[in-house]
């Protein structure tokens, strides 16, 4: 997954690596400050301007002139470089695109993780882990059974040997995104659905509480700090996503809505979802929670919105089926999730989670939504 590419460069980039991570690794190899190394790499007939340092922003962005100089330095075409270093595909809006070769350090636009050290091998110098964008489902190393976290100096991760349900969910996640062109969007929608259950009080139910205790034990932190992390609802999210993309079940829901109405179609979906995630009480529990204000609850319910689209008589295109309103998306920032889920002071919990490196890393985002950077 992170095999190096043979180039004239003595420190080759790895797949999906942050450009800033690659430069940081080269500074360790050549023993040069980042600015001096960049000026040497981008040197050409015109002057070079480098803004910021790795301490002001972990990702490095280049304008068109600088990217041209980088291709000369590596001996690789730009298309190959952008395939390895995703941030090279577009210039940063704050970076002037003129004849001067310009490079600038900014905060990454998307969630990133420290790659698994045994997988990256000698590419990781001390204090310089390989930082990569996990894309749709590369946030877990199945070989070494680790959930990868975001830390720029230390390749921290969550051991998953005591969490077999998470490893199993990740295997199914990989199959899902490979088999379905809209798999990542289905996972983001499923995350929003599960989140809508979580904030209604489901975070205190037995299955999740047991998982919270196991994660807290391996991370050496309080259970409260674990509750807002993406790992907690991950197995349920993937189970719901697989149900959402199941064409057979989509047809059953259409037939149920045509015959008995949308409410019965929703009940059919929830009954099957409850069976798959080992919560047979799900339908009755949600019905009891929404009985008083059903109309208001349905208006902001991502599952209800999806059922309306899937059962529409006029049909709908595949991309429109996975549309997700911003208000329905599972909050991206750890602190935002904590404010919904915990009763103690969120600031205290965020500080403890940050000390355990639980505030960053992979998040289930719809592909149509711009990437966000988790708090570090």
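Taken together, the values in this text are just the output of simple stated rules run on the coordinates, not laboratory data. Computed from a prediction, not measured in an experiment: that's the story for all the values here. Here the Cβ positions follow ideal geometry from the backbone for every residue, glycine too, while neighbour counts run over all protein chains shown.
The figures follow:
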| item | result |
| --- | --- |
| Degrees, to the nearest 10: 206-219 long Cα axis against longest axis of the chain | 20 degrees |
| Cβ-Cβ FRET estimate between residue 28 and residue 255, R0 fixed at 56 Å, reported to 0.05 | 0.40 |
| Angle between the chain longest axis and helix 183-198 axis [Cα atoms, degrees, rounded to 10] | 60 degrees |
| Relative contact order (%) - segment 1-161, alpha-carbon pairs under 8 angstrom, separation at least six | 25 percent |
| Hull volume in cubic angstrom per residue (convex hull over the Cα atoms of segment 153-300) | 138 Å³ |
| Antiparallel bridge percentage (DSSP; both residues within segment 1-161; nearest 5) | 75 percent |
| DSSP beta bridge pairing in the chain, given as percent antiparallel to the nearest 5 | 75 percent |
| Of 88, 268, 32, the one that fluctuates the most in a GNM where the chain has Cα springs shorter than 10 Å | 32 |
| Whole-Å semi-axes of the chain's equivalent ellipsoid (Cα gyration tensor) | 41, 23, 18 |
| Segment 37-124 - Debye-derived log10 I(q)/I(0), Cα point model, q = 0.24 Å⁻¹ | -1.30 |
| Tilt relative to the chain, helix 164-179 - C-alpha long axis, 0 to 90 degrees, to 10 | 80 degrees |
| Ratio of the Cα radius of gyration of segment 1-161 to 2.2 N^0.38 Å, where N counts its residues | 1.01 |
| GNM top mover of 161, 80, 213 - the chain, alpha-carbon springs below 10 Å | 80 |
| Rounded if a/c under 1.5, otherwise prolate or oblate - segment 234-295, Cα gyration tensor axes | oblate |
